[in-house]
Amino acid sequence: MRKHVPQAFLLVFLLCSAAVAQSVTGRWVAKFSSDDEAREIVVALNASGGTLTGYILAPQFEDRIVAGKVDGANVAFTAERDANNNQVQRRDYTAVLEGGKLKLTAPAQGNRPGQVYELTRASSDPPAPLPPKPPKISLPEPAAVRSNGLAKTPPMGWNSWNKFRGKVNDQVVREIADAMVKSGMKAAGYLYVNIDDTWEGTRDARGNITTNSKFPNMKALSDYVHSKGLKLGIYSSPGPKTCAGYEGSFQHEDQDAKTWAAWGIDYLKYDWCSAARVYDTQQSTMIAAYAKMGEALLKSGRPIVYSLCQYGMLDVGEWGAKVDGNLWRTTGDISDRWQSMNNIGFDRQPGREKYAGPGHWNDPDMLEIGNGGMTDTEYRTHMSLWCLLAAPLLSGNDIRDMQPSVLEILTNRDVIAVDQDKLGKQGVRVAKDGDLEVWAKPLADGGYAAGLFNRGAADAKVTAKWSDIGVTGSHKVRDLWKHEELGSIADEYSANVPSHGVVMIRIAK
Ligand code: GLA
(Lines give C-alpha, C1' and ligand atoms only; values in the text may rest on other atoms or scores of the structure.)
Protein backbone atom coordinates (compact mmCIF):
# COMPACT_ATOMS: atom_id res chain seq x y z
CA MET A 1 0.00 0.00 0.00
CA ARG A 2 2.68 2.48 1.09
CA LYS A 3 4.52 1.65 -2.10
CA HIS A 4 1.64 3.19 -4.14
CA VAL A 5 1.69 6.61 -2.48
CA PRO A 6 4.56 8.10 -4.48
CA GLN A 7 2.96 6.73 -7.67
CA ALA A 8 -0.40 8.34 -6.84
CA PHE A 9 1.42 11.51 -6.01
CA LEU A 10 3.22 11.39 -9.34
CA LEU A 11 -0.05 10.80 -11.17
CA VAL A 12 -1.72 13.80 -9.50
CA PHE A 13 1.35 15.86 -10.27
CA LEU A 14 1.30 14.83 -13.94
CA LEU A 15 -2.42 15.49 -14.26
CA CYS A 16 -1.99 18.89 -12.67
CA SER A 17 0.87 19.87 -14.93
CA ALA A 18 -1.09 18.68 -17.95
CA ALA A 19 -3.99 20.82 -16.80
CA VAL A 20 -1.68 23.81 -16.39
CA ALA A 21 -0.14 23.19 -19.78
CA GLN A 22 -3.61 23.04 -21.32
CA SER A 23 -5.00 25.98 -19.42
CA VAL A 24 -4.98 29.38 -21.04
CA THR A 25 -4.31 30.95 -17.66
CA GLY A 26 -1.12 32.97 -17.64
CA ARG A 27 0.72 35.69 -19.45
CA TRP A 28 1.18 35.36 -23.21
CA VAL A 29 3.47 37.49 -25.33
CA ALA A 30 3.96 38.18 -29.04
CA LYS A 31 6.85 40.34 -30.17
CA PHE A 32 6.59 42.15 -33.44
CA SER A 33 8.71 44.63 -35.26
CA SER A 34 8.44 46.41 -38.53
CA ASP A 35 11.38 48.62 -37.74
CA ASP A 36 13.72 46.96 -35.22
CA GLU A 37 11.88 48.51 -32.29
CA ALA A 38 11.11 45.96 -29.57
CA ARG A 39 7.34 46.11 -29.34
CA GLU A 40 5.06 43.51 -27.92
CA ILE A 41 1.48 42.60 -27.28
CA VAL A 42 0.74 40.96 -23.93
CA VAL A 43 -2.35 38.88 -23.27
CA ALA A 44 -3.06 38.09 -19.62
CA LEU A 45 -5.76 35.51 -19.00
CA ASN A 46 -7.24 33.89 -15.93
CA ALA A 47 -9.58 30.96 -16.60
CA SER A 48 -11.51 29.85 -13.59
CA GLY A 49 -14.59 27.64 -13.48
CA GLY A 50 -15.49 28.26 -17.13
CA THR A 51 -15.19 32.05 -16.93
CA LEU A 52 -12.37 34.21 -18.09
CA THR A 53 -10.91 37.49 -16.86
CA GLY A 54 -7.82 39.43 -17.91
CA TYR A 55 -6.63 42.02 -20.39
CA ILE A 56 -4.61 42.72 -23.53
CA LEU A 57 -1.86 45.31 -23.50
CA ALA A 58 -0.29 46.74 -26.62
CA PRO A 59 1.72 49.96 -26.90
CA GLN A 60 -1.25 51.89 -28.22
CA PHE A 61 -4.19 50.30 -26.41
CA GLU A 62 -5.38 48.50 -23.36
CA ASP A 63 -8.31 46.08 -23.72
CA ARG A 64 -9.96 44.93 -20.50
CA ILE A 65 -11.96 41.71 -20.65
CA VAL A 66 -15.51 42.34 -19.48
CA ALA A 67 -17.02 38.92 -20.29
CA GLY A 68 -15.45 35.67 -21.34
CA LYS A 69 -15.90 31.94 -21.39
CA VAL A 70 -13.61 28.97 -21.59
CA ASP A 71 -14.38 25.66 -23.27
CA GLY A 72 -11.34 23.40 -23.06
CA ALA A 73 -8.66 24.89 -25.28
CA ASN A 74 -11.04 27.47 -26.73
CA VAL A 75 -11.85 30.83 -25.27
CA ALA A 76 -14.06 33.68 -26.40
CA PHE A 77 -14.22 37.04 -24.76
CA THR A 78 -15.38 40.62 -25.07
CA ALA A 79 -13.02 43.41 -24.12
CA GLU A 80 -13.46 47.15 -23.70
CA ARG A 81 -11.16 49.80 -25.08
CA ASP A 82 -11.13 53.62 -24.93
CA ALA A 83 -11.41 54.11 -28.67
CA ASN A 84 -9.80 57.07 -30.40
CA ASN A 85 -13.26 58.33 -31.40
CA ASN A 86 -13.90 59.23 -27.78
CA GLN A 87 -16.12 56.24 -27.17
CA VAL A 88 -15.68 52.97 -25.37
CA GLN A 89 -15.43 50.23 -27.94
CA ARG A 90 -16.39 46.60 -27.30
CA ARG A 91 -14.39 44.05 -29.23
CA ASP A 92 -14.99 40.30 -29.49
CA TYR A 93 -11.94 38.06 -29.53
CA THR A 94 -11.47 34.32 -29.78
CA ALA A 95 -8.38 32.33 -28.91
CA VAL A 96 -7.32 28.74 -29.05
CA LEU A 97 -4.51 26.90 -27.35
CA GLU A 98 -2.63 24.90 -29.98
CA GLY A 99 0.69 23.12 -29.59
CA GLY A 100 1.55 25.17 -26.52
CA LYS A 101 0.90 28.50 -28.32
CA LEU A 102 -2.10 30.77 -27.94
CA LYS A 103 -3.61 31.82 -31.25
CA LEU A 104 -5.56 34.99 -30.69
CA THR A 105 -7.96 36.29 -33.33
CA ALA A 106 -8.64 40.01 -33.07
CA PRO A 107 -11.83 41.28 -34.69
CA ALA A 108 -11.91 43.02 -38.09
CA GLN A 109 -12.06 46.80 -37.84
CA GLY A 110 -13.38 49.00 -40.60
CA ASN A 111 -11.41 48.06 -43.70
CA ARG A 112 -8.82 46.16 -41.72
CA PRO A 113 -9.40 42.38 -41.66
CA GLY A 114 -9.23 40.43 -38.38
CA GLN A 115 -5.68 39.70 -37.30
CA VAL A 116 -4.26 36.52 -35.79
CA TYR A 117 -1.48 36.79 -33.23
CA GLU A 118 0.53 33.75 -32.18
CA LEU A 119 1.56 34.20 -28.57
CA THR A 120 4.14 32.36 -26.51
CA ARG A 121 3.60 31.57 -22.87
CA ALA A 122 5.65 33.81 -20.56
CA SER A 123 4.10 32.51 -17.34
CA SER A 124 1.40 30.15 -16.11
CA ASP A 125 0.56 32.12 -12.99
CA PRO A 126 -2.86 33.74 -12.82
CA PRO A 127 -2.15 37.39 -13.70
CA ALA A 128 -2.86 40.12 -11.16
CA PRO A 129 -5.80 42.28 -12.23
CA LEU A 130 -4.96 45.65 -13.77
CA PRO A 131 -5.26 48.60 -11.42
CA PRO A 132 -8.38 50.69 -12.04
CA LYS A 133 -8.03 53.26 -14.80
CA PRO A 134 -6.79 56.65 -13.58
CA PRO A 135 -9.30 59.49 -13.85
CA LYS A 136 -9.30 61.27 -17.20
CA ILE A 137 -7.85 64.76 -17.52
CA SER A 138 -10.41 67.57 -18.04
CA LEU A 139 -9.28 70.91 -19.41
CA PRO A 140 -11.17 74.21 -19.79
CA GLU A 141 -11.47 75.80 -23.21
CA PRO A 142 -8.34 77.91 -23.77
CA ALA A 143 -8.01 81.31 -25.42
CA ALA A 144 -7.51 81.25 -29.20
CA VAL A 145 -3.95 80.74 -30.38
CA ARG A 146 -2.38 83.52 -32.49
CA SER A 147 -2.45 82.55 -36.17
CA ASN A 148 0.76 81.19 -37.69
CA GLY A 149 -0.18 82.84 -41.00
CA LEU A 150 0.63 79.68 -43.01
CA ALA A 151 -1.23 77.69 -45.68
CA LYS A 152 -2.96 80.55 -47.47
CA THR A 153 -3.84 77.94 -50.09
CA PRO A 154 -4.38 74.23 -49.31
CA PRO A 155 -1.04 72.53 -48.54
CA MET A 156 0.35 70.31 -51.30
CA GLY A 157 2.86 67.52 -50.93
CA TRP A 158 3.27 63.84 -50.21
CA ASN A 159 2.68 61.67 -47.14
CA SER A 160 4.14 58.24 -46.43
CA TRP A 161 1.20 56.52 -44.76
CA ASN A 162 -1.15 55.38 -47.53
CA LYS A 163 1.54 53.49 -49.42
CA PHE A 164 4.39 52.80 -47.01
CA ARG A 165 2.78 52.45 -43.57
CA GLY A 166 5.61 51.28 -41.21
CA LYS A 167 8.05 50.78 -44.08
CA VAL A 168 8.98 54.42 -44.45
CA ASN A 169 12.64 55.24 -43.72
CA ASP A 170 15.36 57.79 -44.39
CA GLN A 171 16.23 56.27 -47.77
CA VAL A 172 12.62 56.24 -48.95
CA VAL A 173 12.13 59.88 -47.93
CA ARG A 174 15.28 60.97 -49.77
CA GLU A 175 14.24 59.07 -52.87
CA ILE A 176 10.74 60.56 -52.68
CA ALA A 177 12.26 64.05 -52.45
CA ASP A 178 14.39 63.28 -55.53
CA ALA A 179 11.33 61.95 -57.36
CA MET A 180 9.25 64.97 -56.38
CA VAL A 181 11.68 67.15 -58.32
CA LYS A 182 12.43 64.77 -61.18
CA SER A 183 8.83 63.79 -61.92
CA GLY A 184 7.61 67.38 -62.14
CA MET A 185 5.47 67.09 -58.99
CA LYS A 186 7.41 69.93 -57.36
CA ALA A 187 6.96 72.14 -60.39
CA ALA A 188 3.22 71.40 -60.24
CA GLY A 189 3.15 72.72 -56.65
CA TYR A 190 3.78 69.69 -54.40
CA LEU A 191 6.11 70.94 -51.67
CA TYR A 192 5.81 69.04 -48.41
CA VAL A 193 7.41 65.61 -47.95
CA ASN A 194 5.63 64.30 -44.88
CA ILE A 195 6.77 61.41 -42.73
CA ASP A 196 3.75 59.85 -41.05
CA ASP A 197 3.74 57.47 -38.08
CA THR A 198 6.57 55.01 -37.18
CA TRP A 199 9.62 57.33 -37.21
CA GLU A 200 9.62 57.68 -33.42
CA GLY A 201 12.20 56.23 -31.05
CA THR A 202 12.16 56.43 -27.25
CA ARG A 203 12.84 59.46 -25.06
CA ASP A 204 16.37 60.10 -23.82
CA ALA A 205 17.28 60.74 -20.16
CA ARG A 206 16.18 64.39 -20.51
CA GLY A 207 12.86 63.42 -22.06
CA ASN A 208 13.84 64.46 -25.60
CA ILE A 209 12.19 62.45 -28.33
CA THR A 210 14.59 60.46 -30.49
CA THR A 211 14.16 58.76 -33.84
CA ASN A 212 14.26 55.00 -34.29
CA SER A 213 16.84 53.22 -36.42
CA LYS A 214 14.92 53.89 -39.66
CA PHE A 215 15.79 57.58 -39.32
CA PRO A 216 19.42 57.83 -38.19
CA ASN A 217 19.65 61.62 -38.48
CA MET A 218 16.53 63.72 -38.91
CA LYS A 219 18.44 67.01 -39.19
CA ALA A 220 20.56 65.62 -42.00
CA LEU A 221 17.39 64.37 -43.69
CA SER A 222 15.70 67.75 -43.44
CA ASP A 223 18.85 69.42 -44.82
CA TYR A 224 18.65 67.05 -47.76
CA VAL A 225 14.93 67.69 -48.37
CA HIS A 226 15.46 71.45 -48.03
CA SER A 227 18.36 71.31 -50.50
CA LYS A 228 15.81 70.18 -53.09
CA GLY A 229 13.65 73.24 -52.41
CA LEU A 230 11.11 71.06 -50.57
CA LYS A 231 9.84 70.99 -47.00
CA LEU A 232 9.77 68.19 -44.43
CA GLY A 233 6.80 67.11 -42.34
CA ILE A 234 6.48 64.87 -39.30
CA TYR A 235 3.77 63.20 -37.22
CA SER A 236 2.86 62.84 -33.53
CA SER A 237 -0.04 62.51 -31.11
CA PRO A 238 -1.42 64.52 -28.17
CA GLY A 239 -1.67 61.16 -26.40
CA PRO A 240 1.09 59.05 -24.86
CA LYS A 241 1.24 56.81 -27.95
CA THR A 242 0.57 57.21 -31.65
CA CYS A 243 -1.94 55.11 -33.58
CA ALA A 244 0.78 52.64 -34.50
CA GLY A 245 1.93 52.46 -30.86
CA TYR A 246 4.98 54.73 -30.99
CA GLU A 247 5.91 57.51 -28.59
CA GLY A 248 3.43 60.41 -28.57
CA SER A 249 3.87 63.99 -27.32
CA PHE A 250 1.69 63.83 -24.17
CA GLN A 251 3.28 66.10 -21.52
CA HIS A 252 6.22 66.81 -23.83
CA GLU A 253 4.48 69.25 -26.16
CA ASP A 254 6.90 72.20 -25.85
CA GLN A 255 9.92 69.97 -25.78
CA ASP A 256 8.87 68.10 -28.92
CA ALA A 257 8.01 71.28 -30.82
CA LYS A 258 11.50 72.60 -30.02
CA THR A 259 13.12 69.36 -31.12
CA TRP A 260 11.24 69.37 -34.42
CA ALA A 261 12.11 73.03 -35.00
CA ALA A 262 15.77 72.19 -34.36
CA TRP A 263 15.53 69.32 -36.83
CA GLY A 264 14.12 71.72 -39.45
CA ILE A 265 10.60 70.34 -39.56
CA ASP A 266 8.04 72.40 -41.50
CA TYR A 267 4.75 70.53 -40.99
CA LEU A 268 3.16 68.51 -38.18
CA LYS A 269 0.27 66.05 -38.40
CA TYR A 270 -1.06 65.62 -34.87
CA ASP A 271 -3.17 62.49 -34.49
CA TRP A 272 -5.56 61.99 -31.54
CA CYS A 273 -5.35 58.19 -31.08
CA SER A 274 -4.32 57.20 -27.56
CA ALA A 275 -5.17 60.67 -26.25
CA ALA A 276 -8.59 59.14 -25.50
CA ARG A 277 -6.87 57.10 -22.78
CA VAL A 278 -5.76 60.15 -20.84
CA TYR A 279 -8.17 62.96 -21.72
CA ASP A 280 -11.92 63.10 -21.14
CA THR A 281 -14.35 63.30 -24.03
CA GLN A 282 -15.34 66.97 -23.66
CA GLN A 283 -14.89 69.35 -26.54
CA SER A 284 -13.11 71.87 -24.28
CA THR A 285 -10.51 69.24 -23.36
CA MET A 286 -9.83 68.31 -26.95
CA ILE A 287 -9.56 71.96 -27.93
CA ALA A 288 -7.10 72.53 -25.09
CA ALA A 289 -5.01 69.49 -26.03
CA TYR A 290 -4.71 70.74 -29.62
CA ALA A 291 -4.17 74.37 -28.54
CA LYS A 292 -1.26 73.22 -26.37
CA MET A 293 0.61 72.03 -29.45
CA GLY A 294 -0.56 75.02 -31.51
CA GLU A 295 1.10 77.30 -28.91
CA ALA A 296 4.16 75.07 -28.68
CA LEU A 297 4.69 75.24 -32.45
CA LEU A 298 4.43 79.04 -32.39
CA LYS A 299 6.84 79.23 -29.47
CA SER A 300 9.32 77.05 -31.33
CA GLY A 301 9.94 80.04 -33.57
CA ARG A 302 9.82 77.99 -36.77
CA PRO A 303 6.91 78.27 -39.21
CA ILE A 304 5.30 74.83 -38.96
CA VAL A 305 2.04 73.99 -40.74
CA TYR A 306 -0.30 72.40 -38.19
CA SER A 307 -2.50 69.52 -39.37
CA LEU A 308 -5.12 68.24 -36.91
CA CYS A 309 -6.07 64.60 -37.22
CA GLN A 310 -8.97 63.69 -34.97
CA TYR A 311 -11.30 62.29 -37.65
CA GLY A 312 -13.75 65.22 -37.61
CA MET A 313 -14.98 64.65 -34.04
CA LEU A 314 -16.59 67.24 -31.76
CA ASP A 315 -17.28 69.81 -34.50
CA VAL A 316 -13.62 70.40 -35.30
CA GLY A 317 -14.54 72.92 -38.01
CA GLU A 318 -15.88 75.21 -35.28
CA TRP A 319 -12.58 75.38 -33.42
CA GLY A 320 -9.81 74.01 -35.65
CA ALA A 321 -8.65 77.46 -36.72
CA LYS A 322 -8.74 78.77 -33.13
CA VAL A 323 -6.08 76.27 -32.05
CA ASP A 324 -4.05 77.41 -35.08
CA GLY A 325 -4.89 74.35 -37.15
CA ASN A 326 -4.16 74.93 -40.83
CA LEU A 327 -6.12 71.84 -41.77
CA TRP A 328 -8.17 69.23 -39.99
CA ARG A 329 -9.32 65.80 -40.97
CA THR A 330 -13.07 65.44 -41.42
CA THR A 331 -13.47 61.65 -41.27
CA GLY A 332 -11.77 58.36 -40.44
CA ASP A 333 -9.07 56.99 -42.72
CA ILE A 334 -9.48 56.84 -46.48
CA SER A 335 -8.61 53.61 -48.27
CA ASP A 336 -7.76 52.92 -51.88
CA ARG A 337 -11.27 51.83 -52.87
CA TRP A 338 -14.04 53.57 -54.77
CA GLN A 339 -16.51 53.07 -51.89
CA SER A 340 -14.21 54.80 -49.42
CA MET A 341 -13.25 57.77 -51.61
CA ASN A 342 -16.84 58.10 -52.91
CA ASN A 343 -18.29 58.21 -49.40
CA ILE A 344 -15.68 60.52 -47.85
CA GLY A 345 -15.56 62.91 -50.81
CA PHE A 346 -19.19 63.24 -51.82
CA ASP A 347 -21.19 62.38 -48.71
CA ARG A 348 -19.10 63.50 -45.75
CA GLN A 349 -18.00 66.98 -46.85
CA PRO A 350 -21.21 68.93 -47.52
CA GLY A 351 -21.93 71.44 -44.75
CA ARG A 352 -18.28 71.92 -43.88
CA GLU A 353 -17.64 74.56 -46.58
CA LYS A 354 -18.28 77.37 -44.10
CA TYR A 355 -15.15 76.39 -42.18
CA ALA A 356 -12.69 76.52 -45.09
CA GLY A 357 -10.72 79.57 -46.12
CA PRO A 358 -7.16 80.85 -46.55
CA GLY A 359 -5.06 79.45 -43.68
CA HIS A 360 -7.53 76.77 -42.54
CA TRP A 361 -8.91 73.89 -44.58
CA ASN A 362 -11.14 70.86 -44.26
CA ASP A 363 -9.05 67.75 -44.91
CA PRO A 364 -10.93 64.80 -46.46
CA ASP A 365 -7.67 62.80 -46.06
CA MET A 366 -4.70 62.07 -48.26
CA LEU A 367 -4.89 61.07 -51.90
CA GLU A 368 -4.92 57.42 -52.94
CA ILE A 369 -4.23 58.24 -56.61
CA GLY A 370 -1.81 55.71 -58.08
CA ASN A 371 -2.06 53.11 -55.33
CA GLY A 372 -3.82 50.63 -57.62
CA GLY A 373 -7.19 50.05 -55.98
CA MET A 374 -9.16 52.33 -58.30
CA THR A 375 -9.28 52.93 -62.05
CA ASP A 376 -7.80 56.04 -63.66
CA THR A 377 -11.36 57.24 -64.23
CA GLU A 378 -12.00 56.96 -60.48
CA TYR A 379 -8.69 58.63 -59.66
CA ARG A 380 -9.65 61.56 -61.93
CA THR A 381 -12.87 61.84 -59.93
CA HIS A 382 -10.81 61.73 -56.69
CA MET A 383 -8.51 64.52 -57.91
CA SER A 384 -11.32 66.67 -59.34
CA LEU A 385 -13.46 66.42 -56.22
CA TRP A 386 -10.57 67.14 -53.83
CA CYS A 387 -9.68 70.23 -55.90
CA LEU A 388 -13.28 71.45 -55.95
CA LEU A 389 -13.33 70.93 -52.17
CA ALA A 390 -10.19 73.09 -51.77
CA ALA A 391 -8.71 70.07 -50.00
CA PRO A 392 -5.05 69.66 -49.09
CA LEU A 393 -3.40 67.66 -51.88
CA LEU A 394 -1.07 65.13 -50.28
CA SER A 395 -0.26 62.39 -52.72
CA GLY A 396 -0.06 59.02 -50.99
CA ASN A 397 1.53 56.85 -53.65
CA ASP A 398 5.06 55.76 -54.50
CA ILE A 399 6.02 58.69 -56.67
CA ARG A 400 9.40 57.08 -57.45
CA ASP A 401 7.59 54.73 -59.77
CA MET A 402 4.42 56.14 -61.31
CA GLN A 403 2.43 55.19 -64.38
CA PRO A 404 2.33 58.15 -66.81
CA SER A 405 -1.46 58.33 -66.37
CA VAL A 406 -1.04 58.70 -62.59
CA LEU A 407 1.52 61.47 -62.98
CA GLU A 408 -0.79 63.19 -65.45
CA ILE A 409 -3.69 63.06 -62.99
CA LEU A 410 -1.61 64.32 -60.06
CA THR A 411 0.00 67.15 -62.01
CA ASN A 412 -2.95 68.43 -64.05
CA ARG A 413 -2.27 72.15 -63.71
CA ASP A 414 -5.75 73.22 -64.81
CA VAL A 415 -7.28 71.16 -62.03
CA ILE A 416 -4.64 72.08 -59.42
CA ALA A 417 -5.30 75.78 -60.16
CA VAL A 418 -8.89 75.22 -58.98
CA ASP A 419 -7.63 73.77 -55.69
CA GLN A 420 -5.05 76.50 -55.20
CA ASP A 421 -7.31 79.38 -56.18
CA LYS A 422 -6.57 82.40 -53.99
CA LEU A 423 -10.21 83.03 -53.09
CA GLY A 424 -10.01 79.89 -50.96
CA LYS A 425 -13.67 78.91 -51.19
CA GLN A 426 -14.63 75.27 -50.77
CA GLY A 427 -16.90 74.06 -53.58
CA VAL A 428 -20.39 72.69 -52.97
CA ARG A 429 -22.86 70.33 -54.59
CA VAL A 430 -25.27 72.48 -56.62
CA ALA A 431 -27.36 69.76 -58.26
CA LYS A 432 -28.13 66.11 -57.69
CA ASP A 433 -30.16 63.68 -59.76
CA GLY A 434 -29.67 60.22 -58.29
CA ASP A 435 -26.04 59.29 -58.94
CA LEU A 436 -25.43 62.33 -61.14
CA GLU A 437 -24.10 65.38 -59.36
CA VAL A 438 -22.80 68.82 -60.22
CA TRP A 439 -20.37 70.56 -57.87
CA ALA A 440 -19.15 74.12 -58.26
CA LYS A 441 -16.48 76.33 -56.72
CA PRO A 442 -16.27 80.11 -57.10
CA LEU A 443 -12.87 81.41 -58.21
CA ALA A 444 -10.90 84.58 -57.49
CA ASP A 445 -11.28 85.90 -61.06
CA GLY A 446 -15.08 85.82 -60.83
CA GLY A 447 -15.40 82.56 -62.75
CA TYR A 448 -16.38 79.11 -61.52
CA ALA A 449 -15.00 75.61 -61.67
CA ALA A 450 -17.56 72.84 -61.99
CA GLY A 451 -17.46 69.05 -61.83
CA LEU A 452 -20.05 66.95 -63.65
CA PHE A 453 -19.88 63.68 -61.72
CA ASN A 454 -21.41 60.28 -62.40
CA ARG A 455 -21.32 58.10 -59.28
CA GLY A 456 -23.46 55.44 -60.92
CA ALA A 457 -22.64 52.10 -62.52
CA ALA A 458 -23.52 53.08 -66.12
CA ASP A 459 -22.28 55.90 -68.35
CA ALA A 460 -24.68 58.86 -68.34
CA LYS A 461 -25.28 62.35 -69.62
CA VAL A 462 -24.79 64.99 -66.93
CA THR A 463 -25.93 68.60 -67.30
CA ALA A 464 -24.52 71.58 -65.42
CA LYS A 465 -27.10 74.35 -65.44
CA TRP A 466 -25.70 77.84 -65.12
CA SER A 467 -28.69 78.77 -62.93
CA ASP A 468 -27.71 76.09 -60.38
CA ILE A 469 -24.20 77.50 -60.26
CA GLY A 470 -25.36 81.11 -60.03
CA VAL A 471 -24.26 82.19 -63.51
CA THR A 472 -26.36 83.77 -66.27
CA GLY A 473 -25.80 84.24 -70.01
CA SER A 474 -22.94 83.00 -72.17
CA HIS A 475 -19.52 82.18 -70.84
CA LYS A 476 -16.32 80.74 -72.19
CA VAL A 477 -15.89 77.16 -71.01
CA ARG A 478 -12.69 75.11 -70.77
CA ASP A 479 -12.52 71.34 -70.30
CA LEU A 480 -9.89 70.87 -67.58
CA TRP A 481 -9.07 67.24 -68.32
CA LYS A 482 -8.96 67.61 -72.10
CA HIS A 483 -7.27 71.01 -71.78
CA GLU A 484 -9.58 72.30 -74.52
CA GLU A 485 -11.46 75.55 -74.95
CA LEU A 486 -15.07 74.64 -75.71
CA GLY A 487 -16.11 78.12 -76.84
CA SER A 488 -18.78 80.42 -75.43
CA ILE A 489 -21.68 78.47 -73.99
CA ALA A 490 -25.08 79.75 -72.83
CA ASP A 491 -27.32 78.46 -70.01
CA GLU A 492 -25.94 74.95 -69.47
CA TYR A 493 -23.33 72.44 -70.45
CA SER A 494 -24.00 68.72 -70.92
CA ALA A 495 -21.47 65.95 -71.30
CA ASN A 496 -21.40 62.18 -71.39
CA VAL A 497 -19.66 61.04 -68.24
CA PRO A 498 -18.39 57.50 -67.76
CA SER A 499 -19.46 55.45 -64.74
CA HIS A 500 -17.55 56.73 -61.65
CA GLY A 501 -16.11 59.48 -63.82
CA VAL A 502 -16.07 63.25 -64.13
CA VAL A 503 -16.01 66.03 -66.66
CA MET A 504 -14.48 69.11 -65.10
CA ILE A 505 -14.87 72.55 -66.56
CA ARG A 506 -13.94 76.14 -65.84
CA ILE A 507 -16.59 78.74 -66.60
CA ALA A 508 -15.04 82.13 -67.26
CA LYS A 509 -16.48 85.27 -65.68
C1 GLA B 1 -4.36 57.20 -38.09
C2 GLA B 1 -4.44 58.33 -39.10
C3 GLA B 1 -3.75 57.89 -40.38
C4 GLA B 1 -2.31 57.54 -40.08
C5 GLA B 1 -2.24 56.47 -39.00
C6 GLA B 1 -0.82 56.23 -38.53
O7 GLA B 1 -5.08 56.09 -38.49
O8 GLA B 1 -5.77 58.70 -39.35
O9 GLA B 1 -3.83 58.90 -41.37
O10 GLA B 1 -1.63 58.69 -39.68
O11 GLA B 1 -3.00 56.84 -37.87
O12 GLA B 1 -0.74 55.33 -37.48
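Which loop trypsin sites (Lys or Arg not before Pro) in the range 198-281, with loop taken from DSSP, have no more than 13 other Cβ atoms within 10 angstrom of their Cβ?
R206
Which percent of the accessible heavy-atom area of the chain goes to carbon and sulfur, probe 1.4 angstrom?
Of the solvent-accessible surface of the chain, carbon and sulfur hold 52 percent.
Calculate, for the range 429-507, the solvent-accessible area per residue in square angstrom, rolling a 1.4 angstrom probe over the heavy atoms of the protein chains.
That works out to 45 Å² for each residue.
What spacing in nm lies between the two simple spin-label points modelled at N85 and K101, each 7 Å away from Cα in the Cβ direction?
Using points 7 Å along Cα→Cβ, the separation is 3.3 nm.
Provide the FRET efficiency to the nearest 0.05 for the F32-Q339 pair, computing r from the beta carbons and using R0 = 45 Å.
E between F32 and Q339, to the nearest 0.05, is 0.95.
Keeping all protein chains in place, calculate the accessible area per residue for the range 229-355 (probe 1.4 angstrom), answer in Å².
30 Å²
Between the range 192-213 and the range 84-104, how many Å separate their Cα centres?
Taking the Cα centre of the range 84-104 as reference, the centre of the range 192-213 is 29 Å away.
Compute the distance in nm between two label points, each set 7 Å from the Cα along the Cα-to-Cβ direction, one at D433 and one at R203.
6.1 nm
Can you compute the helix-only [θ] at 222 nm over the chain? Use -39500 (n - 2.57) per DSSP H run of at least 4 residues, normalise by all residues, nearest 500 deg cm²/dmol.
-6500 deg cm²/dmol
Relative to the Cα centre, what is the charge dipole magnitude of the chain, using +1 at the beta carbon of each Lys and Arg, -1 at the beta carbon of each Asp and Glu, and rounding to the nearest 20 debye?
Around 880 debye, computed over the chain.
With +1 on each Lys and Arg Cβ and -1 on each Asp and Glu Cβ, and nothing else charged, work out how big the dipole of the range 156-426 is about its Cα centre, in Debye to the nearest 20.
460 debye
Residues with amide H under 5 Å of F250's amide H, sequence separation 5 or more or different chain, H placed in the peptide plane at 1.01 Å from N; which?
Distant-sequence amide H within range of F250: G239.
Determine the alpha carbon to alpha carbon distance for each of K103/K163; K31/K228; K269/K461 and list only those over 31 Å.
K31/K228; K269/K461
Would you please give the FRET efficiency between S124 and K299, computed as 1/(1 + (r/R0)^6) with r the Cβ-Cβ distance and R0 = 41 Å, to the nearest 0.05?
Once rounded, the FRET efficiency stands at 0.20.
The values are calculated or read from the model by the stated rules, or taken from the named source; none is laboratory data. Keep in mind the model is a prediction, meaning the values are calculated, not measured. Note that we place each Cβ from the backbone using ideal geometry, even for glycine, and neighbour counts take in every protein chain shown. Please note that ligands, DNA and RNA were not included when accessible areas were found on the heavy atoms of the full protein model with its side chains. Shrake-Rupley method; radii C 1.70, N 1.55, O 1.52, S 1.80 Å.
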